[in-house]
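What follows is a set of notes on a single structure, which appears directly below.
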Amino acid sequence: MKSKSKKYQNHVLVAIVVVLVGIAIALGQFKVPSVMPAIMEEFSMDVGSASWLMSIFTFAGIFLALPTGALARKFGPKNMMMAAVAIIAAGTLIGAFATSGSMLVFSRAIEGIALVFCGVAAPLAIQRYVAPDKIGFAMGVWALWFSLGSFFGGVLTPALFEAIGFRGVWFFMAAVAVVAGAVLFFLLKPSSGTFFEAVERASAQTGPKAKPDYRLLVKPRVLLVLGSFLMFNMVLLSMLSFSPTFLQSQGMDAGQAGFASTLPMLIAIVSSPVFGMLADKTGKVRLLSVVAMLAMGPCACALLTTTGPVMWIAAVVMGLVGLGSPTMYLTVYPRAVGDEAVMPVAMGLLILVQSLGQFLGIALMPLVLESGWMAMGLTVMVLGLVGAALLAFVNLRGSGEGAESTVR
């Protein structure tokens with residue numbers, strides 16, 4: 001046991017390094033929405049073709065998440081994260097030199113691959129490098145990557161676009177990714193050598209090997225967690241995508257509407273690690289998961305249907321409680337799976353569900369909106385409550401909930 005403990009690094013350092021890479025890649029995803037009208041004008045794109053600049057990320061996740069899990073198992077999580085940095089930088093540079101809307105969409109598809117690689121590999125890196133009793137905190141910090149990436153992408157991009165133009169923004173985002181990759185390279189210890197050494201070892205592997213039991217992934221407790229995670233992503237993306245539009249329709253200016261809809265992401269800087277520490281100290285992962293998810297639906301409903309004090313209260317409660325959900329999903333899911341050997345592919349499945357939920361949240365809600373904002377608000381509230389109910393039925397007994405091996 002002592003020899004194994006030596007491989008663990010400081011959990012705060014690992015969490016910060018990993019989340020910096022995640023933020024850099026999420027910045028790449030969210031550099032588009034706040035300057036979409038200007039991009040449409042520059043590349044002569046209509047609304048339909050411009051929407052692909054965001055939705056193409058979703059398709060990358062749906063089709064590549066499971067294969068990425070298998071790749072992470074072969075090459076190691078740090079190598080996959082380094083590959084993600086290289087891919088996001090390459091995709092962004094291609095976008096910087098784009099001369100047509102179709103070329104820009106193609107570059108976004110490449111960037112979407114990086115998002116999948118990082119989303120699958122980062123939690124696996126935490127499980128490998130962080131001691132089991134500190135994983136909840138580290139996952140809580142990592143869970144901020146999407147929130148902070150979307151916030152900074154929405155806040156920084158318009159100012160940068162005005163100052164340095166479209167290509168300047170794209171070059172800047174590529175540079176941010178390279179810097180984050182350098183931090184990862186130097187501060188996270190290698191788990192399996194360089195990427196090319198990992199490729200050579202993987203290709204040389206022959207002979208019989210014990211195969212992971214992937215039947216675990218269709219056990220009821222795993223499917224319940226995945227179903228709830230689908231609901232969470234539909235609720236979150238619906239709110240992020242449409243709340244600013246609703247608030248502007250009620251008389252808010254774009255800046256205030258953007259701040260209101262992203263305020264929960266800022267507050268999550270505090271709540272996300274706190275939920276992780278509570279999970280570490282109490283072990284009540286299912287209870288904490290249900291409590292967090294119970295807040296998501298009603299708060300999202302308020303942000304899509306109200307203004308004034310109720311809206312601000314909902315934004316704060318979502319940040320303090322609801323956005324503890326990503327931390328808790330990343331904590332409860334490995335325990336539901338219960339086998340470390342299955343986790344690389346299991347993480348691929350989790351990212352597939354995340355991508356599918358984001359796609360549905362963006363694609364289906366406009367159909368609901370035809371019946372009005374209240375219909376959309378009630379829909380996301382029901383989805384959130386269903387997600388909480390699914391978590392309430394997750395039975396972790398016998399899943400290795402307390403076993404360290406499931407979270408390494």
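The values are calculated or read from the model by the stated rules, or taken from the named source; none is laboratory data. Since this is a predicted model, take the numbers as computed values, not measurements. A quick note on method: Cβ atoms are made from the backbone with ideal geometry, for glycine too, and the neighbour counts reach across all protein chains shown. Side chains included, ligands, DNA and RNA excluded: accessible areas come from the protein's heavy atoms. Shrake-Rupley method; radii C 1.70, N 1.55, O 1.52, S 1.80 Å.
Per the Debye calculation on the range 331-393 with a single equal scatterer at every Cα and no solvent contribution, log₁₀ I(q)/I(0) for q = 0.23, 0.27 Å⁻¹ amounts to -1.00, -1.13.
Distance cut-off 30 Å, Cα to Cα: go down the list K31/K219; K31/K211; K78/K211; K7/K31 and report the pairs above it. Among K31/K219; K31/K211; K78/K211; K7/K31, the Cα-Cα distance tops 30 Å for K31/K219; K31/K211; K7/K31.
Distance from the C-alpha centroid of the range 106-137 to that of the range 20-95: 14 Å, rounded to the whole angstrom.
Pairwise Cα separations in the range 268-389 fall into 10 Å bins from 0 onward with the following percentages, short to long: 13, 36, 35, 13, 2. For the range 110-151, carbon and sulfur atoms together expose 64% of the accessible surface, with a 1.4 angstrom probe and every protein chain in place.
Computed packing ranks the peptides 93-99, 150-156 as 150-156, 93-99, most packed first, by mean other Cβ atoms within 10 Å.
Look at the dipole of the chain built from charges on Cβ: of G154, A180, Q9, the Cα furthest out on the positive end belongs to Q9.
Where only protein heavy atoms count, and the probe is 1.4 Å, what is the accessible area per residue for the chain in Å²?
Values: 16420 Å² over 408 residues.
Accessible area per residue: 40 Å².
Volume per residue for the chain equals 132 cubic angstrom (convex hull of Cα atoms). Put +1 on the Cβ of every Lys and Arg and -1 on every Asp and Glu Cβ in the range 1-84; which of N79, A50, A24 then has its Cα farthest towards the positive end of the dipole? Going by the charge dipole, the pick is N79. Here the range 102-147 is treated as a sphere whose radius is the Kirkwood value from Cα pairs; by Stokes-Einstein at 4 °C and 1.567 mPa s it diffuses with a coefficient of 107 µm²/s.
How big is the Kirkwood radius of the range 222-338, worked out from every pair of different alpha carbons and given in Å to one decimal? Before the final figure, lay out each step's value.
Values: mean 1/r = 0.0690 Å⁻¹.
Across the range 222-338, the inverse of the average 1/r is 14.5 Å.
With each run of n ≥ 4 DSSP H residues scored as -39500 (n - 2.57), what mean residue ellipticity at 222 nm is computed for the chain after dividing by its residue count and rounding to the nearest 500 deg cm²/dmol? Write out the running numbers ahead of the final one.
Details: 17 runs with 322 residues, N = 408.
Theoretical 222 nm ellipticity from helices: -27000 deg cm²/dmol.
Looking at the range 8-112, what % of the alpha carbon pairs are farther apart than 21 Å?
Working: 2238 of 5460 pairs.
Counting pairs separated by more than 21 Å, the tail of P(r) holds 41 percent.
Placing +1 on the Cβ of every Lys and Arg and -1 on the Cβ of every Asp and Glu, with no other charges, gives the chain a dipole of roughly 1740 debye about its Cα centre. Applying 0.36 nm per residue to the separation of D133 and K284 and subtracting their alpha-carbon distance, the gain on full extension is 53.0 nm.
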